[in-house]
Every structure is written in structure tokens, then in C-alpha cells.
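Report on the following structure.
The values are calculated or read from the model by the stated rules, or taken from the named source; none is laboratory data. These figures come from a predicted structure and were not determined experimentally. Cβ placement follows ideal geometry from the backbone for every residue including glycine, while neighbour counts extend to all protein chains displayed. SASA here: full protein model, heavy atoms, side chains in, ligands and nucleic acids out. Shrake-Rupley method; radii C 1.70, N 1.55, O 1.52, S 1.80 Å.
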Amino acid sequence: MIHSSFSCFPGDVGKTGSVGPQGPPGPQGEKGKGLSGVKYVRWGRTNCSGNATTVYSGRIGGGHYTHRGGGVNYLCLPNTPKYDKYKAGNQGTAWVYGAEYEVSLSNPFEENLHDHDAPCAVCFVESRGSMLMIPARNDCPSEWTEEYHGYLMTEHYNHNGQKDFICVDKDAEYIPGSQANLNGALLYPVEGHCGTLPCGPYVQGQEFTCAVCTK
């Protein structure tokens, strides 16, 4: 009988073939669930406009205008608060009050807002990464989107409780049935005062506008 033998070693690798034609595109994938965007507060309004989504609506709050301590920023307090652990009654710690418009001497708004409580809305705009509030302008730079414009407001210059400057919508609303002059946190229009601030282009005593812009 004749016995045959053969090698078990693999042969040399062949040359790579040419690339074939591109196949048809596959079906579109699901929309991503991640969020990218920017948040801002629309002071003086109960909802957001344009492409912005209203995250929640509420009322403006802050420290009392006579208090020397506490926070210095205005807050957009939600209409439906939720409490966790608490102790009933005042403990004399830090307090937050609602905010009222103070526009008896100068009201640049269409509505009669004086002594009414002020609302707010927290807004979110997708696919934008920056937010800018511009004082003393009622428009936005080119390539920026105007979310709203209005008037600059803050606490009275002679009160103990300092606050930040916020841009209140030109079509500001008020909370119905709230004209009671209870004070608390207050909102006054901001006027230019010349000296170190140059008169020309600024005007003494003229109310500042403002604009909220995103990009």
C-alpha cells in the first residue's frame, strides 16, 4: 500500500482585493436623549416664548429691602414648592420674601404694575451654549438670538438690602390680586447717573433698557 503525506502548515496570505461599491444608506437611528442648551430666567413673565421651553413658572423672591444680611440675588421661586425636613415656626435664620414692582415714580411698562407681585419663568433653549444679558441695550449683537428685551431693575439705591440687576420683560405681567403693598423684595427701574458714567452717550436719569441674548 502506498502512503501519501501532506503538510498541515497554512499557505501564504493572498493579496487584498479591491474595495467594492458603497452600499445603500441604513435606516436613521433614534434621536439622542442627551440635552445641550442654555437656561435663562424670563423675569416679569409667566411663560417663555419662541423656541424656548418653559421649565417652570413662579414668582420673583429675595431678601427684605430693609435687611442687611441674606442673599443678594433675586430668585425665581416655583409656584408649587415641596418641603422635606423642617421645623415649624420662624427660627430667625434667613428669610425670603416675594418681590413687588415699585414703579409709582417711573413706570416704563405698558401695565400699571406698581405694588403688584412679580412673576417669572425659567426657560431652556436647546442647541445653544451661551446666554448674555446686555444692560442699556434693547437688542442683541449680530449672530445672537434675542430671547426678550425690557428694562433693567434692582433694589433702591438707598435701601439696606442690595440686589443684583435683572432684565424684566418689556411686556411684564403681574400676579392677579396681589396689589397689597406688603413690600419684601422690591424692584425699581435703573436710571443712569452721570459723572464717572459719561453723559453723552448716556443720559442722566433715563431708565436703562436691557436684552437677553443666546447663541
In a Gaussian network model of the chain with springs linking alpha carbons closer than 10 Å, the residue among Ser18, Ser106, Ser36 that fluctuates most is Ser18
Residue span Ser18 to Ala180: 0.36 nm per residue of separation minus Cα-Cα distance leaves a gain in nm of 50.0 nm
Of the residues Val41, Ser127, Asn73, the Cα lying farthest along the dipole of the chain towards its positive end, which is defined by charges on the beta carbon of Lys, Arg, Asp and Glu, belongs to Ser127
Under a 1.4 Å probe, counting only protein heavy atoms, Ile134 has an accessible area in Å², nearest 10, of 30 Å²
Per the charge dipole of the chain (beta-carbon charges, Lys/Arg positive, Asp/Glu negative, Cα centre), the residue among Leu152, Asn112, Ser142 reaching farthest to the positive end is Ser142
Taking only the alpha carbons of the chain, the radius of gyration and the largest Cα-Cα distance, Dmax, both in angstrom, are 30.0, 122
Expressed in angstrom, Rg and Dmax over the Cα atoms of region 55-176 are 16.3, 52
With all protein chains present, the chain has a carbon and sulfur share of its accessible area (1.4 Å probe) in percent of 51 percent
Reduced to Cα centres, the span from region 43-96 to region 151-211 in Å works out to 19 Å
The answer for the net charge of residues other than Glu207 whose Cβ lies under 12 angstrom from its Cβ, with Lys and Arg +1 and Asp and Glu -1, is 0
The long-range amide H neighbours of Thr209, using H built 1.01 Å from N in the peptide plane and a cut-off of under 5 Å, are Ala136, Arg137, Leu152
Contact order relative to length for region 128-189, counting C-alpha pairs under 8 Å separated by 6 or more residues, stands in percent at 32 percent
Residue by residue through region 166-172, the couplings from Karplus 6.51 cos²θ - 1.76 cosθ + 1.60 with θ = phi - 60°, in Hz, x for Gly and Pro, are 10, 9, 9, 3, 4, 9, 4
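Of all the stretches in the chain, which is the longest one without any exposed loop site, taking chymotrypsin sites (Phe, Trp or Tyr not before Pro) in a DSSP loop (any state but H, G, I, E, B) with at most 11 other Cβ atoms within 10 Å?
Working: sites that count: Phe6, Tyr83, Tyr86, Tyr157.
Segment 7-82 is the longest.
Which net charge results for the neighbourhood of Ala180, defined as the other residues with beta-carbon distances under 12 angstrom from its beta-carbon, given Lys and Arg at +1 and Asp and Glu at -1? Don't jump to the answer; show the numbers that get you there.
Values: positive: none; negative: Glu100, Asp115, Asp117.
Combined, the nearby Lys, Arg, Asp and Glu give -3.
Using a 1.4 angstrom probe, figure out how much accessible area the chain has per residue, in square angstrom, rounded to the nearest whole. All intermediate terms of the calculation are to be shown ahead of the outcome.
Numbers: 14770 Å² over 215 residues.
Roughly 69 Å² per residue, with all protein chains present.
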Under the Karplus relation with 6.51, -1.76 and 1.60 and θ = phi - 60°, whole-Hz ³J(HN,Hα) for region 101-112, x at Gly and Pro, equal 6, 10, 10, 5, 8, 8, 10, x, 8, 6, 7, 7
Spelling it out for Glu147: with amide H atoms placed in the peptide plane at 1.01 Å from N, the residues 5 or more places away or on another chain with amide H under 5 Å from its amide H are Val212, Cys213, Thr214
Under 5 Å from the placed amide H of Val103, counting only residues 5+ away or on other chains, we find His114, Asp115
With x for Gly and Pro, the residue-by-residue ³J(HN,Hα) of region 190-205, computed from phi through the Karplus equation 6.51 cos²θ - 1.76 cosθ + 1.60 at θ = phi - 60° and given in whole Hz, is 9, 10, x, 10, 6, x, 5, 8, x, 6, x, x, 6, 10, 4, x
With the 8 Å Cα cutoff and a minimum separation of six or more residues, the chain has a relative contact order in percent of 27 percent
To the nearest 20 debye, the chain has a Cα-centred charge dipole, built from +1 on Lys and Arg Cβ and -1 on Asp and Glu Cβ, of 940 debye
Sparse-neighbourhood loop hits (GluC sites (Glu not before Pro), region 138-215; DSSP loop; Cβ within 10 Å at most 16 others) -> Glu143
